[in-house]
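Engineer: I have a structure here, written as structure tokens, and I will follow up with some questions on it.
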Amino acid sequence: MINIISKYTKKITLRSCMLAIAVGSMTASLLTACVDNDFNDENYYSATKRTAAQLLSDSPERYSKFQQILERANYYNMLGTYGTYTIFAPTNEAVDKYLAEAGLRDINEIPDAKCDTIARTHIINKQACFTTDYYEGELPMNMDDRYLVLSSDSDVNNNNQLLTFVNKRSKLVQKDDSVTNGVVHTIDRLITPSNKFVPDLLAEDSTTTIFAKALQVTNMCDSLTKYLDLSYFVDDDSVTIGVPIRYGNQDWKAKYPEKRYHKFTALVETDEVFARNNIHSIEDLIAYAKRVYDKTFPKDAGLYDDDFTNRKNPLNRFVSYHLIDGRIGYDDLAPSGEVMKQNLITDIADPEAFWQTMMPGAMIRFCRPSEGLFANRKGLGRKYYAGCKGVKVLSASESGSQEQGALNGVFHYLDDILVYDVNTRDNVLNCRMRIDGTTLSPDFWNAGAVGHTADILTAFKNGYISGWKTSPETFIGVRSEFLWMSSYLANAICVKGQYDVTIKIPTPPPGTYEIRLGYVAGAERGVVQVYLNNDPCGIPIDLRVYAGDPSIGVIIDAATEEEDLANDKALHNRGYMRGMDSYRKPGATNFRVDAWAEHMRRILTTTQIKEGEEYYLRFRQVLEGDAEWSFDYIELCPKSVYASPQGEDTH
């Protein structure tokens, strides 16, 4: 039997240990953060001297059938070795339920390939995911390259006790069983992720019949049917061992993704949401889309009404505005987690992100105030501008029992209708758009390279980064989340070598914009010439120069606020800006104060953005030899903001 942990026993988690090690470079006394606080919860168990494999074998009355599946798939012995794993272990009754539903008599009738899939589905490698760290939301990819999602509900038959589910169907009947190589959770049903593509999963959802029909009518469903890039290949050592790379004055092993996937995200209204807006059929939706988009694009009004596959057709615009190239989980549409808790200063700016949609020239603004996640909201916290309340994106716990994870992506439910209307274009998106570098290619997200659960440095093969064109001498790697970096959102893209990189940037609403580069200076960075659509953006930028250099001229100890603002104006005239005051390293004041020397913004150019055009930024290293660039973010700032009478804020 498994012993219930006493209230005096303490648990070690991987995330808390990583936190302690990082902080340990600042003060060794904080290494005690490896130990969690005491707790007393009958759902928590301790097996600190057993591996995951031993825990399973010690309780054959509960896990013998899952163990048999693991043994057939050759994964059982792995769980008895060193490493870090999260295992969702189905009970014998759960396996019996699966066999009955599949029409099988015993485990021996499960095909070998299916045993392999079952085993990999129930194991997350390299990460111990305790429910104390993940109350709900998306977990790291499992060994089958699929995401598992935790959600919660109340047990109305048992004093509203909190219930936790994986992928909405598999209930955790025993959780957080700590073992020497990770953690084991016991579940009452096998996890069986859908193998359908996004359009097919939506088509079988009885609550989304109108949106699914719109996908078919516009043929946008055909744009969501790609999955595995069969032309992509990389040798095994580059995947498992990695290639040596020096980045940030440290030596790393950068690992390449084993496979390259095409995945997508859909934002979806249910039939109930449509009905609240007097839309009861696809015909009603066609008429609604025409009313909205004829106003947004008056030059196109009436020209494409009968051609639903035309990208300028109103219904086509409606549907494609709901689609994003890349699999973006609920937690990733806007900053969340520890970055939101420790780094973002949310009393002066909401956590937000901007994403290009599959509607040409149309972006979505996501923000995460305390009451949830919203699309196209403008405001701060519970306060928002008139007409800019936004559309709430529902979490898994708010979204019923329908599985939302498809083989090639995910969809999220909305609580109202999402449109790119005149108000969205001229009001909601009339703002400074800070666009994190990781959002500029779906490949970074499809490979699981972004966030605290990723490998420290994930490398990407030239020619296989959507939206990017790189020279053969260029190395591209995504640096995973580290809260103490001098980079916005605690990540960065490592660009290295005699590099020459061209990046497609999102298209904001038409108007005059300053285009800015957010970066971290360093002696090893190099000098880059920047181009916008092949036109040079001034003279080359020396990324080696820190902000205190006279050529930049940051004055950090200005005596008065007026002198400080005067310095900002002088910096702007020289083409530079300090970092934002809405972001900080944990425990610090903000980037504007504490990271002023290395974190900067460079104004690349001022240009007129035109409707229907695409825009590319090219960064060419002009020094001879190997150099490095820590690419952080791009800012698109409209003239209404940077030249406003009140002046641009420092957020």
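The values are calculated or read from the model by the stated rules, or taken from the named source; none is laboratory data. All figures in this text were calculated on a predicted structure; none of them were measured in a lab. Ideal geometry is used to build each Cβ from the backbone, glycine not excepted, and the neighbour counts take in all protein chains shown. What goes into the accessible areas is simple: the full protein's heavy atoms, side chains included, and nothing from ligands, DNA or RNA. Shrake-Rupley method; radii C 1.70, N 1.55, O 1.52, S 1.80 Å.
This table checks each residue for (1) at pLDDT 95 or above; (2) buried (at least 21 other Cβ atoms within 10 Å of the Cβ); (3) not in a loop (DSSP other than H, G, I, E, B).
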position: V593; (1), (2), (3): no, no, yes
position: Y616; (1), (2), (3): yes, no, yes
position: R620; (1), (2), (3): yes, no, yes
position: G625; (1), (2), (3): no, no, no
position: E628; (1), (2), (3): no, yes, yes
position: T650; (1), (2), (3): no, no, no
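Engineer: Of all residues in the stretch 165-192, how many are over 20 Å from S399 (Cα atoms), among the aliphatic types (A, V, I, L, M) and not in a loop (DSSP other than H, G, I, E, B)?
Structural biologist: 5
Engineer: I need the full set of residues from the stretch 588-604 which are among the basic types (K, R) and within 25 Å of the chain's Cα centre (by Cα), in order please.
Structural biologist: Answer for the stretch 588-604, where residues must be among the basic types (K, R) and within 25 Å of the chain's Cα centre (by Cα): just R601.
Engineer: Of all residues in the stretch 324-355 being out of contact with any strand residue (DSSP E or B) (no Cβ under 7 Å at 6 or more places or on another chain) and among the polar types (S, T, N, Q), which is farthest from F366 (Cα to Cα)?
Structural biologist: Checked the stretch 324-355; the qualifying residue farthest from F366 (Cα to Cα) is Q342.
Engineer: May I pose another question? Might you check whether a residue that is within 29 Å of the chain's Cα centre (by Cα), open to solvent by 10 Å² or more (accessible area, probe 1.4 Å) and in contact (Cβ under 8 Å) with a residue 24 or more places away in the chain occurs anywhere in the stretch 554-562?
Structural biologist: Scanning the stretch 554-562 turns up no residue that is within 29 Å of the chain's Cα centre (by Cα), open to solvent by 10 Å² or more (accessible area, probe 1.4 Å) and in contact (Cβ under 8 Å) with a residue 24 or more places away in the chain.
Engineer: Confirm whether Y288 is open to solvent by 20 Å² or more (accessible area, probe 1.4 Å) and of a type in the set (F, W, Y).
Structural biologist: Judged against the criteria, Y288 is a match.
Engineer: Okay, next question. Quick test of your reading of the structure: S551 fulfils all but one of (1) assigned to a loop (DSSP other than H, G, I, E, B); (2) surrounded by 14 or more Cβ atoms within 10 Å (Cβ to Cβ); (3) of a type in the set (S, T, N, Q). Name the failing condition by number.
Structural biologist: S551 satisfies every listed condition except (2).
Engineer: Something else: Given the conditions (1) free of Cβ contacts under 8 Å to residues at least 40 places away in the same chain; (2) out of contact with any Leu (no Cβ under 8 Å at 6 or more places or on another chain); (3) open to solvent by 10 Å² or more (accessible area, probe 1.4 Å), and given that F475 satisfies all but one, which numbered condition is not satisfied?
Structural biologist: (1)
Engineer: Any residue at all in the stretch 223-243 that's within 30 Å of D284 (Cβ to Cβ) and part of a loop (DSSP other than H, G, I, E, B)?
Structural biologist: Yes - at least one qualifying residue is present in the stretch 223-243.
Engineer: Show the residue pairs meeting these rules: Cβ distance below 8 Å; 6+ apart or different chains; first residue within the stretch 83-106 and touching a residue at least 12 places away in the same chain (Cβ under 8 Å) and under 15 Å from Q67 (Cβ atoms); second residue among the small types (G, A, S) and part of a helix (DSSP H, G or I).
Structural biologist: That search, which allows pairs on different chains as well, returns Y85/A52; I87/A52; N92/S64.
Engineer: While we're looking at this one, here's another question. Please specify each residue of the stretch 42-64 satisfying the condition of being modelled with pLDDT of 80 or more, part of a loop (DSSP other than H, G, I, E, B) and open to solvent by 30 Å² or more (accessible area, probe 1.4 Å).
Structural biologist: Quick first cut of the stretch 42-64, residues modelled with pLDDT of 80 or more only: 50-64.
Filter once more, keeping what is part of a loop (DSSP other than H, G, I, E, B): 50-51, 59.
Scanning the stretch 42-64 gives a single hit, R50.
Engineer: Continuing with the same structure: Residues of the stretch 563-574 being open to solvent by 30 Å² or more (accessible area, probe 1.4 Å), under 25 Å from Q621 (Cα atoms) and touching a Lys or Arg at 6+ places or on another chain (Cβ under 8 Å), which ones?
Structural biologist: none
Engineer: Being charged (D, E, K, R) and more than 29 Å from I110 (Cβ to Cβ) is the filter here; which residues of the stretch 172-227 pass it? Quick ask: steps written out before the conclusion?
Structural biologist: From the stretch 172-227, those charged (D, E, K, R) are 175-177, 188-189, 196, 200, 204-205, 213, 222, 226; that's our starting set.
Within the stretch 172-227, K213, D222, K226 qualify.
Engineer: For the stretch 493-532, please list each of the strands (runs of 3 or more DSSP E) lying entirely inside it that holds at least 1 residues being surrounded by fewer than 21 Cβ atoms within 10 Å (Cβ to Cβ), of a type outside the set (S, T, N, Q) and in contact with a helix residue (DSSP H, G or I) (Cβ under 9 Å, 6 or more places away or on another chain).
Structural biologist: So the answer is 500-505, 511-520.
Engineer: Look at the stretch 101-110 and say how many of its residues are part of a helix (DSSP H, G or I) and either surrounded by 11 or more Cβ atoms within 10 Å (Cβ to Cβ) or modelled with pLDDT of 95 or more (or both).
Structural biologist: Residues that pass the stated criteria total 4.
Engineer: Test of understanding: among E403, E371, E398, E338, which residue is under 18 Å from V450 (Cα atoms), modelled with pLDDT under 95, surrounded by fewer than 22 Cβ atoms within 10 Å (Cβ to Cβ) and not hydrophobic (A, V, I, L, M, F, W, C)? Spell out the reasoning first.
Structural biologist: Working: E403 fails: under 18 Å from V450 (Cα atoms); E371 fails: under 18 Å from V450 (Cα atoms); E398 fails: under 18 Å from V450 (Cα atoms).
Checking each option against the conditions leaves just E338.
Engineer: Oh, and also: Pairs, please: C-beta under 8 Å, at least 6 apart or cross-chain, first residue more than 14 Å from A349 (Cβ to Cβ) and in the stretch 366-383, second among the aromatic types (F, W, Y) and open to solvent by 20 Å² or more (accessible area, probe 1.4 Å)?
Structural biologist: Matching pairs, first to second residue: L373/Y330.
Engineer: Does Y464 fit the bill of being on the phi < 0 side of the Ramachandran plot, surrounded by 23 or more Cβ atoms within 10 Å (Cβ to Cβ) and part of a loop (DSSP other than H, G, I, E, B)?
Structural biologist: Details: on the phi < 0 side of the Ramachandran plot: yes; surrounded by 23 or more Cβ atoms within 10 Å (Cβ to Cβ): no; part of a loop (DSSP other than H, G, I, E, B): yes.
Spelling it out, it is not the case that Y464 is on the phi < 0 side of the Ramachandran plot, surrounded by 23 or more Cβ atoms within 10 Å (Cβ to Cβ) and part of a loop (DSSP other than H, G, I, E, B).
Engineer: Shifting gears a bit: So, in the stretch 538-548, how many residues would count as being open to solvent by less than 10 Å² (accessible area, probe 1.4 Å) and either outside any strand (DSSP E or B) or over 23 Å from K469 (Cβ atoms) (or both)?
Structural biologist: Total satisfying the criteria: 2.
Engineer: Follow-up question, since we're still on this one. Have a look at L162, L150 and point out the one that is more than 30 Å from S320 (Cβ to Cβ), in contact with a strand residue (DSSP E or B) (Cβ under 7 Å, 6 or more places away or on another chain), without any contact (Cβ under 8 Å) to a residue 60 or more places away in the chain and in a strand (DSSP E or B).
Structural biologist: After ruling out the rest, the residue left standing is L162.
Engineer: Here's something else I'd like to know. State which residue is modelled with the highest pLDDT when the search covers only the stretch 221-248 and only residues that are open to solvent by 90 Å² or more (accessible area, probe 1.4 Å) and touching a Phe, Trp or Tyr at 6+ places or on another chain (Cβ under 8 Å).
Structural biologist: P244
Engineer: Name every residue in the stretch 193-206 that is open to solvent by 60 Å² or more (accessible area, probe 1.4 Å) and in a loop (DSSP other than H, G, I, E, B), in order of residue number.
Structural biologist: N195, K196, E204, S206
Engineer: While we're here: Please verify whether the stretch 408-417 includes one or more residues that are at pLDDT 95 or above and open to solvent by 30 Å² or more (accessible area, probe 1.4 Å).
Structural biologist: Yes: one or more hits.
Engineer: Only one residue in K171, K213 is out of contact with any Cys (no Cβ under 9 Å at 6 or more places or on another chain), within 27 Å of F264 (Cβ to Cβ) and either surrounded by 22 or more Cβ atoms within 10 Å (Cβ to Cβ) or not β-branched (V, I, T) (or both). Which one?
Structural biologist: K213
Engineer: Follow-up. List the pairs whose first member sits in the stretch 285-297 and is outside any helix (DSSP H, G or I), whose second member is of a type in the set (D, E) and open to solvent by 30 Å² or more (accessible area, probe 1.4 Å), and whose Cβ atoms are under 9 Å apart, counting only residues at least 6 apart or on separate chains?
Structural biologist: Going by the 9 Å Cβ cut-off, the qualifying pairs are F297/E611.
Engineer: Test K610 against the stated conditions and say whether it is farther than 27 Å from A558 by Cα and open to solvent by 10 Å² or more (accessible area, probe 1.4 Å).
Structural biologist: Yes.
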